[in-house]
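Read through the structure below, which is laid out as structure tokens, and then see the notes.
The values are calculated or read from the model by the stated rules, or taken from the named source; none is laboratory data. This one's a predicted model, so the numbers in the text were calculated from it and none came from an experiment. With ideal geometry, Cβ positions are generated from the backbone for all residues, glycine too; neighbour counts draw on all protein chains shown. Note: areas computed on protein heavy atoms with side chains; ligands, DNA, RNA excluded. Shrake-Rupley method; radii C 1.70, N 1.55, O 1.52, S 1.80 Å.
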Amino acid sequence: MSPMDKLNAMSAFVQVAEQRSFTKAAQLLNLPRSTLTDAIKQLETELNTRLLFRTTRQVSLTDEGNIYYQRCKYILGYIDESDHDFLHAKPKGVLKIEVHGMFAAHFIMPKLHLFLAEYPEIQLQLTEGDRYVDVIKEGIDCVIRIGHLNHSELVVRHLGDIQQVTLASPQYLEKYGTPKSLNDLKQHFMVGFYSTARQKTLPLEFLVNDQWKMYDLASFIQVNGAHSYSAAAEQGFGIIQVPRYGHIKEIENGQLRQILKQYQAPFLPVSLLYPSKTLVTPRQRAFIEWIVQLFKDHPLKEVKSF
């Protein structure tokens, strides 16, 4: 396979991996499906390894395919941007960022125009969700996660910590009473939050005599999304612990009331994750440096929102 054919095959492989479909990739590249099939077969033959699992419904990456996809993504991105180096062109292309929507709205969106003004040829794709994402399989360049992380092979950069508060609705407190101490929690209920990343329902936590104490209360309802978690509390289903920045309006207008103020709730770490410390495209590097500096200039513990 010639160098040019190899690059074309790598490009085809990246599209098939991201679309998880030969048909969709062929449509995007405006090529016959058979051309992509032949290109991937040639790659697998040359590498002497299987890159893709193929079924009638879906295409998925093998472990070796995951590694090769990451390398191809970097090489193709680097080539694309290197063509413009002699003109001192700034990073360009599509940059995919996964971030919690409420966090993005408060802390990233208000400053994002500064990043785009500095890098006008970068097209940002911000996806939001509480789910665990497979960065490599889904072609995501960077992820911003809130909360404690499971063991990860990704590069992790700590961006800061955000304050949590303990809240309940007036209806709930009227029905079950307002807890004055942690011992009172025995008579109370929490909205269960099931963490996909940690594969369990998270307890309430409080700092007592320099030690964290966990309270796994009974619950009427369990959810796995931030909006549902807050909505359940507003409807009187139980006590929640949430980042304060996202609930300022609800606290001010009385929809939710802060309780047990004398007990500190844990701060949540905010982390930036990306696939590789060395295989970083120029546009990835630009965003990583920008977001790290943003939270150095505006520490999360000191700001409610921008």
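Can you tell me the relative contact order of the chain? Whole percent, Cα pairs under 8 Å, sequence separation 6 or more.
Here the relative contact order equals 21 percent.
Could you provide, to the nearest whole Å², the per residue accessible area of the chain with probe 1.4 Å?
55
Under a 5 Å amide H to amide H cut-off, with H placed in plane at 1.01 Å, what residues pair with residue 169 once short-range neighbours are removed?
Distant-sequence amide H within range of residue 169: 236, 238, 257.
Using a 1.4 Å probe over the heavy atoms of the protein chains, calculate the carbon and sulfur portion of the accessible area of the chain as a whole percent.
Carbon and sulfur together cover 49 percent of it.
Between residue 210 and residue 58, what is 0.36 nm times their sequence separation minus the Cα-Cα distance? Round to one decimal in nm.
Value of the extension gain: 49.6 nm.
Once R0 is set to 35 Å, what does the formula 1/(1 + (r/R0)^6) return for the Cβ-Cβ distance between residue 116 and residue 187, expressed as a FRET efficiency to the nearest 0.05?
0.10
Over the Cα atoms, compute the radius of gyration (one decimal) and Dmax (the largest Cα-Cα distance, rounded to a whole number) for the chain, in Å.
Rg, Dmax (Cα atoms, Å): 23.5, 75.
So how tilted is helix 3-19 from the main axis of the chain? Cα-based, degrees 0 to 90, rounded to 10.
Once rounded, one gets 30 degrees.
To check you understand DSSP bridge types, tell me what percent of the beta bridges within the chain (both residues inside) are antiparallel, rounded to 5.
70
Once both labels are modelled 7 Å past Cα along the beta-carbon direction, what's the residue 194-residue 49 spacing in nm?
About 3.6 nm separates the two model spin labels.
Which angle from 0 to 90°, rounded to the nearest 10, does the C-alpha axis of helix 282-297 make with the longest principal axis of the chain?
So the inclination is approximately 20 degrees.
Just to check, using Stokes-Einstein with a Kirkwood Rh over alpha carbon pairs, what's the diffusion coefficient of segment 201-241 at 37 °C and 0.692 mPa s in µm²/s?
Result for D is 291 µm²/s.
Would you tell me the accessible area of residue 244, worked out with a 1.4 angstrom probe on the heavy atoms of the protein chains, in Å² to the nearest 10?
The value for residue 244 is about 70 Å².
As a check on your grasp of the helix formula, calculate [θ] at 222 nm for the chain: sum -39500 (n - 2.57) over DSSP H runs of n ≥ 4, divide by the residue count, round to the nearest 500.
That calculation yields -11000 deg cm²/dmol at 222 nm.
Can you order the peptides 171-182, 66-77 by their average number of other Cβ atoms within 10 Å per residue, highest first?
Those peptides, ordered most packed to least, come out 66-77, 171-182.
Show me the three semi-axes of the equivalent ellipsoid for segment 3-86, from the C-alpha gyration tensor (sqrt of 5 times each eigenvalue), largest first, rounded to whole Å.
After scaling each eigenvalue by five and taking roots: 21, 15, 12 Å.
Pick from 254, 192, 101: which is most flexible by mean-square fluctuation in a GNM of the chain where alpha carbon atoms under 10 Å apart are linked?
Most flexible of the set in this elastic network: 254.
Jot down the per residue volume, in cubic angstrom and as a whole number, of the convex hull over the alpha-carbon atoms of segment 154-306.
Spread over its residues, the Cα hull of segment 154-306 gives 136 Å³ apiece.
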